[in-house]
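Everything below concerns the one structure shown next.
Every number in this text was worked out from the coordinates using simple rules, so none of it is lab data. Everything quoted here is computed from the prediction, not taken from an experiment. Every residue, glycine as well, gets a Cβ built from its backbone with ideal geometry; the counts of neighbours run over all protein chains shown.
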Amino acid sequence: MANAPKYIEELVEAFTKFPGIGRKGAERIAYFIVKSEKSFSKNLIEAMTDVNEKLEIDPTSGMVFLKGEESTFSDENRNSEFLCIVENMEDAIKIENTNSFDGLYHVLGGSISPLDGIGPSDLSFDKLLERINPELKEIIIATNPSTSGNATALYLEKILKDKKLKISRLAVGLPVGSNLEYIDDKTISTAIAGRVKLN
């Protein structure tokens with residue numbers, strides 16, 4: 001018969017798979033759940049079930065939408081002359097919350113980071129190139145101003161240089177070394193408005 005520590009260990013192992021959560025952090029979360037009211041665990045399970053059953057990720061853009069419903073991120077609802085390239089979905093949602101951009105988004109699924117074993121083939125550059133069409137006028141590179149974000153931006157410039165498109169990058173107001181998800185809406189709005197042309 002299994003004992004209690006086995007179930008706690010399974011919970012800890014599950015939480016160590018979250019980005020930024022180490023063993024100690026996973027243990028704290030697991031024991032917090034064990035000690036919490038049963039309603040907390042039930043609400044957490046329901047929320048995670050909803051995410052699994054009601055949300056889907058668009059295979060082309062990488063954006064999230066409700067199953068069976070038209071997404072606000074669908075190409076039909078957006079200005080198709082502009083395509084904003086972001087590392088992660090949360091970066092796109094952060095930009096969207098500023099109400100300063102009404103174009104399309106493309107989520108790469110991360111950034112180029114050889115130290116972490118992430119190369120161009122691990123990201124959705126191929127799907128990005130498939131989305132380039134005559135209607136598209138400008139690509140905005142909105143990768144984070146970090147070492148890996150800059151490496152990704154340089155790679156994007158390289159693979160897009162022969163396309164007849166304006167290529168720009170977020171610049172004004174974004175501090176070096178920070179991530180979009182932690183930056184306030186006004187700063188992102190300023191960066192969108194003051195983006196710089198790369199080609």
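Note the angle between two axes, namely the Cα long axis of helix 4-15 and the longest principal axis of the Cα atoms of the chain, as a number of degrees from 0 to 90, rounded to the nearest 10.
Around 0 degrees separate the two axes.
Scan the chain and report its longest stretch carrying no trypsin sites (Lys or Arg not before Pro) that are both in a DSSP loop and have at most 14 other Cβ atoms within 10 Å.
Working: sites that count: Lys17, Lys67, Lys137, Lys161, Lys163, Lys164.
That would be 68-136.
Please find, in a Gaussian network model of the chain (springs between Cα atoms separated by less than 10 Å), the residue of Phe73, Phe40, Phe65 whose mean-square fluctuation is greatest.
In the Gaussian network model the winner is Phe40.
Name the most mobile residue of Asn97, Asn43, Asn79, meaning the one with the largest mean-square fluctuation, in a Gaussian network model of the chain with Cα contacts below 10 Å.
Looking only at Asn97, Asn43, Asn79, the largest GNM fluctuation is found for Asn43.
Can you give me the convex hull volume of the Cα atoms of the chain, divided per residue and expressed in Å³?
Working: hull volume 32.4 nm³, N = 199.
Each residue corresponds to 163 Å³ of Cα convex hull volume.
Before anything else, pin down the relative contact order of region 4-56: Cα pairs under 8 Å, at least 6 apart, normalised by residue count, whole percent. Please report the intermediate quantities before stating the final value.
On the way: 20 pairs, mean separation 13.6, N = 53.
Relative contact order here is 26 percent.
Using the crude model of +1 on Lys and Arg Cβ and -1 on Asp and Glu Cβ, and no other charge, please compute the dipole size for the chain relative to its Cα centre, in debye to 20. List each step's numbers first, then the result.
Values: 24 positive and 31 negative charges, 130 e Å.
Rounded to the nearest 20 debye, it is 620 debye.
List the GluC sites (Glu not before Pro) in region 79-174 that DSSP assigns to loop (not H, G, I, E or B) and whose Cβ has at most 16 other Cβ atoms within 10 Å. Which are they? Let's see the in-between values first.
Numbers: sites: Glu81, Glu87, Glu90, Glu96, Glu130, Glu135, Glu138, Glu157; in loops: Glu87, Glu135.
Of the GluC sites (Glu not before Pro), the ones in loops of region 79-174 whose Cβ has at most 16 other Cβ atoms within 10 Å are Glu135.
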